[in-house]
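First comes the structure, then the notes that go with it.
Bear in mind that the values in this text are calculations on the coordinates, not laboratory data. Bear in mind the structure is a predicted one, so any value in this text is a computation, not a measurement. Backbone-built Cβ (ideal geometry, glycine too); neighbour counts: all protein chains shown.
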Amino acid sequence: MFGKFKIFWEKAPLKSSYDAVIIGGGLHGLATAYYLARNHGMKNVVVIEKHYIGYGGAGRNTAIVRANQRTKENLPFYNEGLKLWPKLTAELDFNLMFNNCGNLNLAHSTAGISALRMQIASAQFHGIKSELLDPKQCKELIPELDISDGIRYPIFGAMYHPPGGTLRHDAVVWGLARGAAKFGVHIHQGTEVLEIGVKKGKIVSVETGKGVIHTPHVLNAAGGYSARISFEMVGLRLPIYVLPIQAMVTEPLKPFLNHVISSGVYHAYASQSLKGEIVTGSHMDPWPSYTTQVTERYIKHQAEALTELLPCLKGVKFMRTWAGLADMTPDMAPIIDGNDHIQGYYMDCGWGYFGFKSAPVTGKYLAQFMATGRCPEMLKPFTLHRYEEHRLMGETASPVDYGPEFGWVT
Amino acid sequence: MSFTITCPICGKRNGYEFRFGGEDGGPRPDEEGLTSRDWCEYVHMHNNIGGPQKEWWYHRHGCGLWFTIWRDKRTNLEVDEPEAK
């Protein structure tokens, strides 16, 4: 009934040398490979992935995209990322299911509203659509929202960010993989990196479970595992803690929630997928680990938060719950650096829970970085050196982090 | 299995009673002659080992003690201190 499945890309044997080796078949690795081949003619590239493409954060996130960050370094970056989705859909000839439904960040106090005002002003300064709504306007957008003062934290208003939305994350993984392969990139799943060879401060090789690859360029795009690889294989310590973050979906419901809704105080966010499930999450284990276990504690918390904000969800069942690894930096901004500590070694780490929305735009600039060896202006603020210069970014003060549960940070 | 931590005073308790206090980074560096880079190493940088690690915990909802344990980050289970190599 479905006909024959088409092959997404032709399998090629692993060669003994490539111009660049990308560690991690997630969105950042695949996007970088795609742009290296497409924009810079670097086609002799291999993406190696320990499990299968999209196994890590790429397939575990809740696929929300937005450009409502706080700082002048981050806003234009995420804004460009947001504009790339429709372009990519056409370019890759693959339906990424971009649902431009807009995001609503709720505030539950006058302090919360003040913080939103600043964030909205910052967004508007950069030409990004964002506006303040009062509770009645929120209710007009989401009629099921409880705006009464009968809930624990009554709604004072919200930041409405129309350009945001959701996508289908698997489609993005497959689309980018197929797109990269079309330009000649090799993708090797089930191929683990064991060692990174450095000689006289230069990258020379990568040892994998399937043999040694000689290469002058390596990109560490291993997501939750990138900090560990960085320390264990090239001896570079990073300001990262890896925390498992949990998410879950309910049973499918008729469409009623056509926006991404989030609340820092309730520590919850939710959106309705195109299948009708409520996709929700936000809780991180407050200690680092490499497990992807889920806990009853957060299922209960999520149910409490959601049924207060959206009372129509009472009695609805959660169908699935899972966890992924978020590599958190102290300033909630990534580390994109390279060709500095070790010549030919690039890193794209510390994305925390911002990895999905940023993947294509990072890939685009990182490809430029790797092809030329010079860091593009857009990526310069994300250098690793900012920590020793004590120039941390101000993203931690973003209102989505305000909440009683936040405060594990050491 | 639920996550537990053994407090030296209160014994084995639910992990959510505790606050994670960071990887053990050794003693605080001497301020004399301290470079920005060394301070950054001490304050921000972590090993992120995929295995047993020595780390600090604070019994926030309990006796208030700060103490160290060894925990395997692949399993979330407390382990004995590995023998020095």
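Of the residues A:280, A:252, A:238, the one whose Cα sits farthest towards the positive end of the charge dipole of the range A:228-312 is A:238 (charges of +1 on Lys and Arg Cβ, -1 on Asp and Glu Cβ, taken about the Cα centre). Please build a GNM for chain A, connecting alpha carbons under 10 Å apart, and tell me which residue among A:158, A:221, A:305 fluctuates the most. Largest GNM mean-square fluctuation: A:305. For the residue pairs A:129/A:254; A:357/B:54; A:72/A:129; A:11/A:210, the alpha carbons lie more than 24 Å apart in A:129/A:254; A:357/B:54. Over every pair of different alpha-carbon atoms in chain A, take the mean of 1/r and invert it; report that Kirkwood radius in Å. About 21.8 Å, per the Kirkwood formula over Cα pairs. State the Cα centre-to-centre distance between the range A:75-103 and the range B:46-85 in whole Å. Using only Cα atoms, the two centres lie 42 Å from each other. Here the dipole of the range A:270-399 is about 500 debye; that uses its Cα centre as origin and unit charges on the Cβ of Lys and Arg (positive) and Asp and Glu (negative).
With a 10 Å cut-off around each Cβ of B:48-55, the average count of Cβ atoms from other chains is 5. Each pair of Cα atoms in chain B enters the Kirkwood radius, and Stokes-Einstein at 37 °C and 0.692 mPa s then converts it into a translational diffusion coefficient of 229 µm²/s.
Listed as lacking a disulfide-compatible partner in the protein assembly as shown: A:101, A:138, A:312, A:349, A:375, B:40, B:63, by the criterion of no other cysteine Cβ under 4.7 Å.
Candidates A:208, A:17, A:319 compared by Cα position along the dipole of the protein assembly as shown: farthest toward the positive end lies A:17, with charges placed on Cβ. Taking Lys and Arg as +1 and Asp and Glu as -1, the other residues whose beta-carbon sits under 12 Å from that of residue A:252 total +2.
Based on Cα atoms of the range A:264-392, Rg over Rh with Rh as the Kirkwood radius reads 1.08.
Peptide A:231-237 has a mean of 3 when you count, residue by residue, the C-beta atoms of other protein chains within 10 Å of its C-beta. Give me the tail of P(r) for the range A:201-282 as a percent: Cα-Cα pairs with distance above 16 Å. Here the long-distance tail beyond 16 Å is 69 percent of all Cα pairs in the range A:201-282.
For the range A:134-253, what does the relative contact order come out to in percent, with C-alpha contacts under 8 Å and a separation of six or more? Contact order relative to length: 11 percent. If you average the C-alpha positions of the range A:234-263 and of the range A:350-377 separately, how far apart do those two centres end up, in angstrom? Between the Cα centre of the range A:234-263 and that of the range A:350-377, the gap is 21 Å. Between amide H atoms placed 1.01 Å from N, distances below 5 Å from residue B:4 occur with B:15, all of them 5 or more places distant or on a separate chain. Residue by residue along A:238-248, Cβ atoms of other protein chains within 10 Å of the local Cβ number 2 on average. Charging the Cβ of each Asp and Glu at -1 and of each Lys and Arg at +1, and nothing else, the dipole of chain A about its Cα centre rounds to 1020 debye. A cut-off of 5 Å between modelled amide H atoms, ignoring neighbours fewer than 5 places along the same chain, links residue A:268 with A:263.
Most tightly packed first, judged by the mean number of other beta-carbon atoms within 10 Å of their residues, the peptides A:137-144, A:310-317, A:281-288 read A:281-288, A:137-144, A:310-317. Cross-link reach is defined here as a Cα-Cα straight distance under 17 Å, omitting same-chain residues fewer than 8 places apart; for residue B:73 the aspartates and glutamates meeting it are A:232, A:285, A:327, B:23, B:24, B:55, B:81. The three principal axes of the C-alpha atoms in the range A:1-102 carry coordinate ranges of 44, 42, 25 Å, sorted with the longest axis first.
Normalised by the residues of chain A, what does the relative contact order come to in percent, with Cα pairs under 8 Å and at least six apart? Contact order relative to length: 24 percent.
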